[in-house]
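These notes concern the structure reproduced below.
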Amino acid sequence: LALASDPGGTLNFLAMVENLQGDSGRGYYLEMLIGTPPQALNILVDTGSSNFAVAGVPDPDVTSYFNPELSSTYRSQGIEVTVKYSQGSWTGVLGTDVITMPKGLYGSYTINIATILESENFFLPGVKWHGILGLAYDALAKPSSSVETFFDSLVRQAKIPNIFSLQMCGAGLPVSGSGTNGGSLVLGGIEPSLYTGDIWYTPIKEEWYYQVEILKLEVGGQNLELDCREYNADKAIVDSGTTLLRLPEKVFSAVVQAIARTSLIQEFSSGFWTGSQLACWDRTEKPWSLFPKLSIYLRDENSSRSFRISILPQLYIQPILVIGDNLQCYRFGISSSTNALVIGATVMEGFYVIFDRAQRRVGFAVSPCAEADGSPVSEIEGPFTTADVASNCVSSVSFHEPVLWIASYALMSLCGIILLVLIVLLLIPPRCQHRYTDNDVVNDESSLVRHRWK
């Protein structure tokens, strides 16, 4: 595919192949040049947030940082911004500067950039990236949706199609290895060499996260038989910045029970399932044959059909540590979540994932790099009928963060008005004194209810 991106050239998707490095344990990152003269930094690719931010001061856990004072093109906006993730947070200052991508789009672009001045559990020991590239919608941008996102800026300035695609190649490899596993972030389209077979698309239910609709889960070919709304409580999203497959607590419990029931292991420590313990086998053994395959059904663009993406245990039983000469230890690549089902790197490493914002859909195709010992570890099959599931598995009531902010401000304003009225009433001198009698004393508790905040 070659699409015009500027008067003098074309979009060369092959130039973007293998432009990522990293692993599922610590994320996949892209090299970027920021400022004038350019400062080279590695930037984490995150489809679950919307701010572009880089370390702006030295930090014990980062090897490089962006110094805006050394860039002649940096312009501070003087706006403080704080972003909180499911793990970690940072506070910084918004500004703009020019960026180029050695293995991305040709040319330089002016982008909103937050320089991180303070952080907590954001930069972690051993990570090889120095900032984060939020690729979700502007609804999640901080401090407000008026901050143009990185990708929206590229679409506007480079005139590229409103679509990007992502391949992460860490299947079956140590989750915190040398950091040289490959991957590709294709900006502006789809590169045919990065997938095999057909692309299956599911609609984006709402444009904030990449929210999709999950119809059911199967473990070893057996339906979990849960109400489909359980899978979408309170949202189901596709998020490259999350390392694991995260499941709502009820779904997680059902999956663990089903895996334990269908696996060939009779006794298994509960600590393995909760992530507090590793399971170790002799290095000559491959424990993956002991576990079942896991399938996720997504609604097709034709709502009466669905398709399923399946991951083999090579993707969710993840090698993490070698002990001595003989033992290889593994972690469970699935965890519980209190507020979402998150299709993270555990699943995404099996697929080439297309974020087609122009047509409001997410596509999945089998990735040729999703192999272990020469065999594919992911599958896509369909179509299937949706006659056995509800017509809508996503709750229509969703208290998204922007709505909560509006409600909070409204309540604060109401409280302020009431407080102002009370102060005015206290300051106004009484015109007449009323002597209370026993008849004025309200001692019927039921009548007090009318005057209580509920």
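Measuring between alpha carbons in the structure, the pairs from Lys84/Lys235; Lys142/Lys235; Lys103/Lys235; Lys142/Lys293 lying more than 29 angstrom apart are Lys103/Lys235; Lys142/Lys293.
Scaled against the 2.2 N^0.38 Å expected of a compact globular protein of N residues, the Cα radius of gyration of the range 99-256 reads 1.21. Here's the thing: no lysines lie within a cross-link span of Lys286, going by alpha-carbon distance under 25 Å and ignoring same-chain residues fewer than 8 apart.
With each label modelled as a point 7 angstrom along the Cα→C-beta vector, the Ala40-Glu285 pair spans 4.4 nm. The residues neighbouring Leu20, those whose beta-carbon lies less than 14 Å from its own, together hold a net charge of -3 under the Lys/Arg +1, Asp/Glu -1 convention. Remark: the Cα gyration tensor places the range 18-160 in the rounded category, a/c being less than 1.5.
Measure off 7 Å from each Cα along the Cα-to-Cβ vector at Lys250 and Asn302, then give the distance between these two points in nanometres to one decimal. Going from the Lys250 label point to the Asn302 one covers 3.1 nm. Projecting the Cα atoms of Leu33, Gly131, Val93 onto the charge dipole of the range 18-160 (Cβ charges, centred on the Cα centre) puts Leu33 farthest toward the positive pole. Extension gain for Asn339-Tyr106 works out to 79.9 nm (0.36 nm per residue, less the C-alpha to C-alpha distance). For Leu321, nonlocal amide neighbours, meaning residues 5 or more places apart or on other chains whose placed amide H falls under 5 Å from its own, are Cys329. If the segment from Leu224 to Ala358 were pulled out straight at 0.36 nm per residue, it would be longer than the present Cα-Cα gap by 44.8 nm.
The packing ranking, built from the mean of other Cβ atoms within 10 Å per residue, places the peptides 207-220, 84-97, 36-49 in the order 207-220, 36-49, 84-97, highest first.
For the range 223-306, taking the reciprocal of the average inverse distance between every pair of different Cα atoms yields a Kirkwood hydrodynamic radius of 15.3 Å.
The alpha carbon centroids of the range 295-357 and the range 10-26 are separated by 20 Å. Compared with the alpha-carbon gap, the fully stretched path from Ser76 to Ser270 is longer by 64.8 nm at 0.36 nm per residue. Measuring between their Cα centroids, the range 362-383 and the range 194-231 lie 15 Å from each other.
What's the whole-number percent of alpha carbon pairs in the range 188-385 lying beyond 21 angstrom?
Details: 9954 of 19503 pairs.
Value for the range 188-385: 51 percent of Cα pairs lie more than 21 Å apart.
Can you give the local net charge around Pro203? Use residues other than it whose beta-carbon is closer than 13 angstrom to its beta-carbon, Lys and Arg +1, Asp and Glu -1. The partial results should precede the final answer.
Details: positive: Lys205, Arg299, Arg305, Arg357, Arg360, Arg361; negative: Glu206, Glu207, Glu213, Asp300, Glu301, Asp356.
In short, 0.
Each reported figure results from applying straightforward, stated rules to the coordinates on display, with no laboratory input. As the structure is a prediction and not an experimental result, all values here were calculated from the model. All Cβ positions, glycine included, derive from the backbone under ideal geometry; neighbour counts span all protein chains shown.
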